[in-house]
């Protein structure tokens, strides 16, 4: 069973999108796949249309039960998403996991022990990790054979990449298993010069430590998430689906466990007869040193790439301006006394907004169509919390560019806006 942790401390890199759609794409390749949500925010369930109020038990109950002598079987909490694809959802209780296991022996191996009981049931396990370093992330790392670090192709993401790889290097020094760390370029916009330059530099600096597959910026991925579907179901003809299909095939073709078994076998053949404790100590030291060298090499590459851009003031300024513009591209934000809504629906004939601020009457707030399928609207709203939804050609849906949501009485999700 191959276990892959998707890790990045930086938010907005598409970590959960990668986790959901990679798991779905692997399942489509005929592999038995389990997606585990280790993020207390529970976005995997949201992105797969699993109703929060129907989740009675989560991965928290399984992890905690394994250490309290009150075991909850993993099978009891699973949701079947599609053929070969199951989800172990998260809950807000996970935020208290570190506190609840304080003083518990071997608490960093809770997830590893749970997965050991089902290793014959799955070919692949994908773990969506929280955007923070803590016991939950360390549990995921201890249970993993591989780590994927999604990186958006923007200037400021390089800072996050460098810090992330440094952190992984420190954490992996405490692990006794081989872990293959790979970088994945995500949210790539080929239309921007800076995006193309950073992708080229990433490939140059990371060489064999980076996936050739690139996840392109694709509005269909956002739309699919807002409707609770993986991209393979929402739009199989989309660029987003093709990207994740390619990523799954590339990942399956590179089975790191085969190489690991061969390496360990070769080491054993070359070693003279020694006692069992000596074998374990020597093997652990060799694996950790090799892993640490690999991570330090990746981290050094990130630092060199970042330094190279910093040494070119024109490029740094251009990158900053570009990221500022991209941040203004889509979503909702307060600018002065107005709230600005910006979204992207290239094929839409009309886009409206319905919410608390207009008595849920979409005809009162028509968005204005701009270039390249961009829709905009500015509203003056009094301070407070507002719920709203987009109405695209008559179809009601949550704002795909606003991650703040809550379930409404109809079993769907409203987008949330707080005006200060």
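The values are calculated or read from the model by the stated rules, or taken from the named source; none is laboratory data. Since the model is a prediction, treat every value here as computed from it, not as a measurement. Cβ placement follows ideal geometry from the backbone for every residue including glycine, while neighbour counts extend to all protein chains displayed.
A few comments on the model shown:
- Subset of segment 193-217 (residues that are touching a helix residue (DSSP H, G or I) at 6+ places or on another chain (Cβ under 6 Å) and farther than 16 Å from residue 149 by Cα): 194, 201
- Residue 394 falls short on exactly one of the conditions (1) out of contact with any helix residue (DSSP H, G or I) (no Cβ under 8 Å at 6 or more places or on another chain); (2) at pLDDT 90 or above, and that condition is (2).
- Test: residue in segment 200-217 that is at pLDDT 90 or above, within 17 Å of residue 182 (Cβ to Cβ) and part of a helix (DSSP H, G or I): no
- So residue 21, is it in contact with a strand residue (DSSP E or B) (Cβ under 8 Å, 6 or more places away or on another chain) and touching a residue at least 60 places away in the same chain (Cβ under 8 Å): no
- Selection from segment 63-121 of residues that are outside any helix (DSSP H, G or I) and at pLDDT below 85: 69, 70, 71, 72, 101, 102, 103, 104, 105, 106
- Among the residues of segment 218-254, those identified as out of contact with any helix residue (DSSP H, G or I) (no Cβ under 8 Å at 6 or more places or on another chain) and either assigned by TED's automatic domain parsing to the domain that holds residue 344 or in a loop (DSSP other than H, G, I, E, B) (or both) are 229, 236, 237, 254.
- Conditions (1) touching a strand residue (DSSP E or B) at 6+ places or on another chain (Cβ under 7 Å); (2) surrounded by 21 or more Cβ atoms within 10 Å (Cβ to Cβ); (3) at pLDDT 75 or above: number failed by residue 145: (2)
- Against the criterion of being crowded, with 23+ Cβ neighbours inside 10 Å, over 28 Å from residue 238 (Cβ atoms) and touching a strand residue (DSSP E or B) at 6+ places or on another chain (Cβ under 7 Å), residue 77 does not qualify.
- Selected residue (criterion: modelled with the highest pLDDT) from residues of segment 124-142 that are in a loop (DSSP other than H, G, I, E, B) and under 13 Å from the mean Cα position of the chain (by Cα): 129
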